[in-house]
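Data block below; observations after.
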Amino acid sequence: MTQVLVIGAGPAGLAAATAASALGADVTVLDSSYDLGGQYWRHLPSTRPTASEGILLHGFERFRELRERLENDSQVRILTLSQVWAIDRNPDTRNAGDSSVGDRWRVHVLQGVPDGHDRLALTIIPDAIVFATGAHDRTLPFTGWQLPGVFSAGAAQALAKGERVAVGSRVVVSGAGPFLLPVAASLVQAGAKVLGVYEASTISRLASGWLPRPWQLLGAPGKAAELVGYVGNHLRNRIPYRTGRAVIAAEGDGRVERVVVARLDANWAPIVGTTRTIEADAVCIGHGFTPRLELPIAVGCALSAERFVAVDHRQATSSPGVYAAGEITGIGGVDAALAEGSIAGHSAAGGSDDEAAMSRQRRLRAASTRFAARIEAAHGIRPGWSQWLTPDTLICRCEEVSYGRLCDTSAHTGSAGLRSLKLSTRAGLGICQGRVCGRTVEDLLGRLAAGGLIDTTSTDRRPIVSPIRLGELAGGTVLPPAPPPPGNTEERE
Amino acid sequence: MFDVVVIGAGIVGAACARKLAMLDRSVLVIDSGSTAGGTSSQGEGNLLLSDKAPGPELVLAQYARRLWPQLAADLADELGREFPSIEFDPKGGLVVSTTDVGASPLLAFAASQRAAGVDAQSISIAEALEREPDLNPAIGAAVFYPEDAQVQPAIATEALLASARLHGVEVRQGVEVTGVMVDGSGSVVGVHTGRGDIPCGAVVIAAGPWSARVARSFGLLVPIRPRRGMVLVTSRMPHRIFHKVYDADYVGAVESGDAALQTSSVVESTAAGTVLIGSSREQIGFDDRLNVDVLRQLASKALRLFPFLHEQPVMRAYGGFRPYMPDHLPLISADLRMPGLWHATGHEGAGIGLSIATAEMIGAAMTGTFAEIDASPFSLERASLAPFLVEAA
Ligand SMILES: Cc1cc2nc3c(=O)[nH]c(=O)nc-3n(C[C@H](O)[C@H](O)[C@H](O)COP(=O)(O)OP(=O)(O)OC[C@H]3O[C@@H](n4cnc5c(N)ncnc54)[C@H](O)[C@@H]3O)c2cc1C
Ligand SMILES: Cc1cc2nc3c(=O)[nH]c(=O)nc-3n(C[C@H](O)[C@H](O)[C@H](O)COP(=O)(O)OP(=O)(O)OC[C@H]3O[C@@H](n4cnc5c(N)ncnc54)[C@H](O)[C@@H]3O)c2cc1C
């Protein structure tokens, strides 16, 4: 029986596990979180939502159905609180050549609460892998973004949805993209006053992204209904939704007390003389998403020009036996993630392309893909944003590296190398390992270097995916370590 | 036209270019990648005497160690305060044996080094614990090496290049050398690159582990192979490790020619507050994929030295390819097979430290001036290399 390992239990991973099991595969689905559901569904309450929450909890029924089905499926093993911290080659097949598909990878997992002291070490050697690790929000830096009271949109939404806690009482939402709207709606539900949602893209760009082919929106029905719902909600609550504006600074004594909002031109550069200061105690920021690519990179999956995992019509990556679905293959929302997940799970379990069951998923995927392209056209980051930086603005918060430091070091070394510049500025070398600032550091250093950056490294490459204690790493290893027995091995370390 | 083209903008090429410019040569440095993009930013920055047995490499390392303090001061003066510090830190090394059987070889090794002029102080276990209070007390012997030091290798490379530029050197990134141009007598007159030909009077190959490949494109055999190494980096913590602390079996790993995996635990804290644990040695070609077993070994050996690190998170692992020579000595030499061609490479796991002395040797040899130490052990003509210079049938 094919052993399929699904990494990530968001919409894409849950759909993949379901589809793989339907073809008779032996499925393990794991997630680092304490519950299934991923970024969008994880924070649902355990009871049925009230009608007024309905719009926030999009697809609740769908989620419950998927979860119950998996939980009751004896072929499916669900592992929560299970963090994949590394993938390497299975030493038993390391020299087997590229034609061998199964058994090629060893997936290293730590199971248990991250700050607990008795995480269990698992090593899984599956026949096929589905990556469904999603994305985290991208946040462009601005002066004062290190102050307490600045949140990523995703974190703010998680608190609001999961714990009914609003991040502040007077909150400003700023960034780009349609997902700012549900974030604002969640905040209102949790009792905050949302002073404004500031969308960086100008109205004309939004119009050219969204309006010319409205019928395509209707091709992704769930999505369209949802967006209309959010807009209605906004109007009802009179949250000002302003386009062509951004929070360009946060100020306050030890925490956010005020934010500075400026108007932006079509390139996202702030327009001189248009700033306005707003009293606020929290600001939520989201400028789209960065896919979690470290595991796909570890197994050598090719990436697309837009830096998502490249997949074919079967959701197969360039690495044999490895499939990918959801946000890591492109930003398309829940519906796209579900459709891609189903196809990936089906393919990973050895299903053929031409089965009728998949044609519906393929249609859904196609509709959502168009949606994703339009999000990018309307809300994609424009280069003018860097004009709201000052020399003192921190770019890397972990290591407190300022924009001025990046400029000086780039000018003085003349290096065109990301690795060298990171090491000489320390940008991206802190505890988050560049998850927050990596793409920004690449972007800014690339603009500062005379001919752009030329080395082949990227801030997405992280062989150690999440921190692991030295004790956990050393475990009970005998020196030199015995190769693990074939198949799934579990050992307490 | 340049007097000299240096191939490779790693620390060795950088140091050589700077030195040659100071000797009034016009110099171009070419790198197929970026500056400090190769091995020089993929390892650690130990400047060690402690791991070197008496012999020519130790003499070179001692020479380099004499040069580093002045170089650090010169670079700081030349480059000013806005240039990041190279973090030269003469913090000293503490070598211990974690096994009883390791104790007497360590003490004998230290005695031989003392005879060669190394300050190698056999200290009691109590004294070792005074220097490193968190060290595992279950050690067999300890030797303190006050001369061991460290730099931040990527910044040191960039600083040498920046200084070289101030002395007139030109640096071109993203230009690959693809071959050599020779005249009728077989002497070097230039290099072919991906962006056209560059005439020059002499060429220095300082391409680290890729030096064999460059030499091959010139039609010459140079027996340098990559030797993979991995390093673990922990999250920041308050300083609790004050020296470079190693296990005595590190010395064995360095000197070994064995292709199989070897690890040794060199544990040290950096200026940034992280702890570096490295490094492994494996001959697996240019394969840079992760092997978790290597990381596990590094971790368990580090814990044998510092049990308190048990709870410390590792946040990153990185690695590179040491330019490995079959007889464990660098190649700092003219190539008599092709007049005008020079090699400055093959420093294996010590190229950061040795770069600066290498530059002095190349400078002296090219200008025909007096070299402070004997160059013959590093020559391509040395007897120990001869077996490796014949093409396998
Ligand atoms: C603030 C915000 C608002 C949004 N609003 C909407 C909306 O209104 N409508 C809509 O359609 N979409 C919305 N989205 C997008 C939606 O969340 C995603 O489209 C969807 O969740 C993607 O599903 P996925 O399965 O690809 O990834 P995710 O849901 O992100 O799931 C990935 C899972 O993988 C796990 N994981 C990652 N790495 C590892 C690892 N190494 N080991 C173990 N587990 C791992 C994670 O814990 C996570 O649970 C929003 C997103 C955000 C951030
Ligand atoms: C894990 C590890 C730990 C280490 N620890 C230490 C230590 O503690 N102390 C120490 O002293 N040393 C250490 N080393 C060794 C040290 O890093 C190397 O000896 C040193 O960096 C070699 O420098 P280099 O300039 O010769 O090579 P590199 O830095 O590799 O530079 C060579 C350059 O040549 C370029 N190049 C290659 N081919 C071409 C071509 N055809 N055309 C143009 N350019 C080309 C490459 O792009 C590269 O930039 C360690 C190494 C590793 C891997």
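For segment B:63-102, which positions are out of contact with any helix residue (DSSP H, G or I) (no Cβ under 9 Å at 6 or more places or on another chain) and either of a type outside the set (Asp, Glu) or part of a loop (DSSP other than H, G, I, E, B) (or both)? Please lay out each step first, then the result.
Residues of segment B:63-102 out of contact with any helix residue (DSSP H, G or I) (no Cβ under 9 Å at 6 or more places or on another chain): B:69-70, B:73, B:77, B:81, B:89, B:91, B:93, B:100-101.
Matches in segment B:63-102: B:PRO69, B:GLN70, B:ALA73, B:ARG81, B:LYS91, B:GLY93, B:VAL101.
Just for segment A:1-21: of the residues that are assigned to a loop (DSSP other than H, G, I, E, B) and of a type outside the set (A, V, I, L, M, F, W, C), which one is surrounded by the fewest Cβ atoms within 10 Å (Cβ to Cβ)? Write out each step before concluding.
The initial filter retains those residues of segment A:1-21 that are assigned to a loop (DSSP other than H, G, I, E, B), namely A:1-2, A:8-10.
Among the residues that remain, those that are also of a type outside the set (A, V, I, L, M, F, W, C) are: A:2, A:8, A:10.
Numbers: A:THR2: 17, A:GLY8: 31, A:GLY10: 27.
Here the answer is A:THR2.
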Looking at A:PRO486, A:PRO481, which is the one that is touching a helix residue (DSSP H, G or I) at 6+ places or on another chain (Cβ under 7 Å) and modelled with pLDDT under 95?
A:PRO481
Counting residues that are within 16 Å of ligand 2 (Cβ to nearest atom), more than 17 Å from B:LYS52 (Cβ to Cβ) and within 14 Å of chain A (Cβ to nearest Cβ), which strands (runs of 3 or more DSSP E) fully inside segment B:303-393 reach at least 2?
B:313-324
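Within 30 Å of A:ALA166 (Cβ to Cβ) and out of contact with any Lys or Arg (no Cβ under 6 Å at 6 or more places or on another chain) - does that describe any residue in segment A:297-316? Break it down stepwise before answering.
Step one: filter segment A:297-316 for residues within 30 Å of A:ALA166 (Cβ to Cβ), giving none.
No, every residue in segment A:297-316 fails to be within 30 Å of A:ALA166 (Cβ to Cβ) and out of contact with any Lys or Arg (no Cβ under 6 Å at 6 or more places or on another chain).
Could you tell me whether B:ALA36 is more than 14 Å from B:VAL203 (Cα to Cα), more than 14 Å from chain A (Cβ to nearest Cβ) and assigned to a loop (DSSP other than H, G, I, E, B)?
For B:ALA36, the condition - more than 14 Å from B:VAL203 (Cα to Cα), more than 14 Å from chain A (Cβ to nearest Cβ) and assigned to a loop (DSSP other than H, G, I, E, B) - is not met.
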Given the conditions (1) part of a loop (DSSP other than H, G, I, E, B); (2) closer than 30 Å to A:THR459 by Cβ, report the number of the one that A:ALA262 does not fulfil.
(1)
Just the residues that are more than 10 Å from every other protein chain (Cβ to nearest Cβ) and within 23 Å of B:VAL151 (Cβ to Cβ), please, taken from segment A:391-427.
A:CYS396, A:GLU400, A:VAL401, A:LEU406, A:SER410, A:ALA427
Filter result (more than 10 Å from chain B (Cβ to nearest Cβ) and over 20 Å from B:SER32 (Cα atoms)) within segment A:449-473:
A:THR459, A:ASP460, A:VAL465
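Conditions tested, residue by residue: (1) among the acidic types (Asp, Glu); (2) buried (at least 23 other Cβ atoms within 10 Å of the Cβ); (3) in contact (Cβ under 8 Å) with a residue 60 or more places away in the chain; (4) within 16 Å of ligand 1 (Cβ to nearest atom).
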site: B:GLY273; (1), (2), (3), (4): no, no, no, no
site: B:GLN283; (1), (2), (3), (4): no, no, no, no
site: B:LEU305; (1), (2), (3), (4): no, yes, yes, no
site: B:LEU309; (1), (2), (3), (4): no, yes, yes, no
site: B:PRO330; (1), (2), (3), (4): no, yes, yes, no
site: B:ASP335; (1), (2), (3), (4): yes, no, yes, no
site: B:MET338; (1), (2), (3), (4): no, no, yes, no
Which ones in segment A:134-154 are farther than 22 Å from A:ILE278 by Cα and out of contact with any Asp or Glu (no Cβ under 8 Å at 6 or more places or on another chain)?
A:HIS136, A:ASP137, A:ARG138
State yes or no: is A:GLY24 modelled with pLDDT of 80 or more, surrounded by 22 or more Cβ atoms within 10 Å (Cβ to Cβ) and not assigned by TED's automatic domain parsing to the domain that holds A:ALA185?
no
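The values are calculated or read from the model by the stated rules, or taken from the named source; none is laboratory data. For clarity, every value in this text was computed on a predicted model and none was experimentally measured. Quick reminder, even Gly has a Cβ in these numbers, built from the backbone with ideal geometry, and neighbours come from all protein chains shown.
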